[in-house]
Amino acid sequence: MLKLFFPHLCCGCDRRLSDGSQMLCVNCQNELPICFPININDNAFVRQFYGRLRLESAFSLLRFEKTNLTQQLLHQLKYKGQQQLGVFFALRMVEALKSTQNQPKFDLIIPVPLSNKRKRKRGYNQVDRFALSLGKHLQVPVLPKALIRKDGKRSLVKLGRKSRFQRAHHFEINKNFELAKGSHILLVDDIVTTGATLEACAKVLLNTRDIKLSFATIAISE
């Protein structure tokens with residue numbers, strides 16, 4: 001009876017779904033702009049950080065463009081409480097990773113944090129469920145609180161590149177966590193645009209310990 005009045009709808013097109021466990025209808029799943037790279041060690045995402053960071057690999061699942069399906073789904077994930085989308089994206093990414101020729105071995109997964117102010121307002125970090133699901137299926141520990149974001153006054157998205165990098169010090173490692181020397185850390189976020197947020201987090205991690213670092217995001221803006 002509840003399904004009659006509150007049907008489960010596709011997050012992409014609002015069509016009614018017959019399977020309540022699904023997030024997207026078959027049509028929307030087929031229309032996803034998948035862009036997982038053939039070579040996760042050498043691609044446009046990795047080259048974006050040449051000369052600035054020592055990266056082992058970097059990869060995204062979806063291509064992001066204004067008004068495309070990716071934008072709509074990220075909006076649902078970020079602002080509409082559709083955290084199960086993070087699980088869906090993680091499963092698709094794990095499938096893509098397992099098809100790579102040399103699947104990397106990660107020791108730890110760390111999601112990019114929200115400021116406490118934004119997390120209180122939103123009620124959750126949209127990256128956490130994605131990271132936790134990745135960790136579950138890759139059998140890798142996840143530390144959602146390993147990094148702390150101190151600045152919550154203004155989103156980095158609205159700042160220019162120079163200003164974004166000047167505020168890198170607003171990320172720090174939680175003193176309650178000890179990162180093992182030589183660990184391969186997978187740092188995850190929902191989307192990469194200029195790369196400023198990922199780079200800010202990466203520099204804190206790389207300057208603290210002799211570690212290996214890779215990036216993974218749900219989407220990439222090309």
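Things worth noting here:
- For the listed residue pairs LYS121/LYS181; LYS98/LYS181; LYS105/LYS203; LYS66/LYS175; LYS80/LYS212, the alpha carbons are over 31 angstrom apart in LYS121/LYS181; LYS66/LYS175; LYS80/LYS212.
- The ranking of SER115, SER183, SER57 from fewest to most other beta carbons within 10 Å of each one's beta carbon is SER183, SER115, SER57.
- Residue-count net charge about GLU56 - beta-carbon cut-off 12 Å; Lys, Arg +1, Asp, Glu -1: +1
- Cys residues of the chain counted as unpaired, since no other Cys beta-carbon is under 4.7 Å: CYS11, CYS13, CYS28, CYS35, CYS201
- Inverse mean reciprocal Cα-Cα distance (Kirkwood Rh) of segment 114-153, Å: 11.1 Å
- 0 to 90° range, to nearest 10: angle between helix 196-208 axis and the chain longest Cα axis: 40 degrees
- Residue exposure sequence - GLU222, GLU178 - by fewest surrounding Cβ within 10 Å: GLU178, GLU222
- Each DSSP beta bridge with both residues in the chain is either parallel or antiparallel, and the antiparallel ones are about 20%.
- Measure of compaction for segment 33-221 (Cα Rg per 2.2 N^0.38 Å): 0.95
- Straight-line reach from LYS119: taking Cα to Cα under 19 Å and skipping same-chain neighbours fewer than 8 places apart, the aspartates and glutamates in range are ASP128, ASP151, GLU172, ASP189, ASP190.
- With the convex hull drawn over the C-alpha atoms of segment 15-83, the volume per residue is 137 Å³.
- The chain: most fluctuating residue of ASP14, ASP189, ASP42 per GNM, C-alpha cutoff 10 Å: ASP14
- Acute angle (nearest 10 degrees) that the helix 69-79 long axis makes with the longest principal axis of the chain, alpha-carbon atoms: 80 degrees
- Take every Cα pair under 8 Å whose residues are at least 6 apart in sequence, average their separation, divide by the length of the chain, and the relative contact order is 22 percent.
- Of all the options ASN27, ASN125, ASN176, the one that moves most in a Gaussian network model of the chain with Cα springs shorter than 10 angstrom is ASN176.
Read the figures in this text as sums done on the coordinates, not as results from a lab. Here the structure is a predicted model, which means the values were calculated and not measured. Here Cβ is always computed from backbone atoms with ideal geometry, including for glycine, and neighbour counts include all displayed protein chains.
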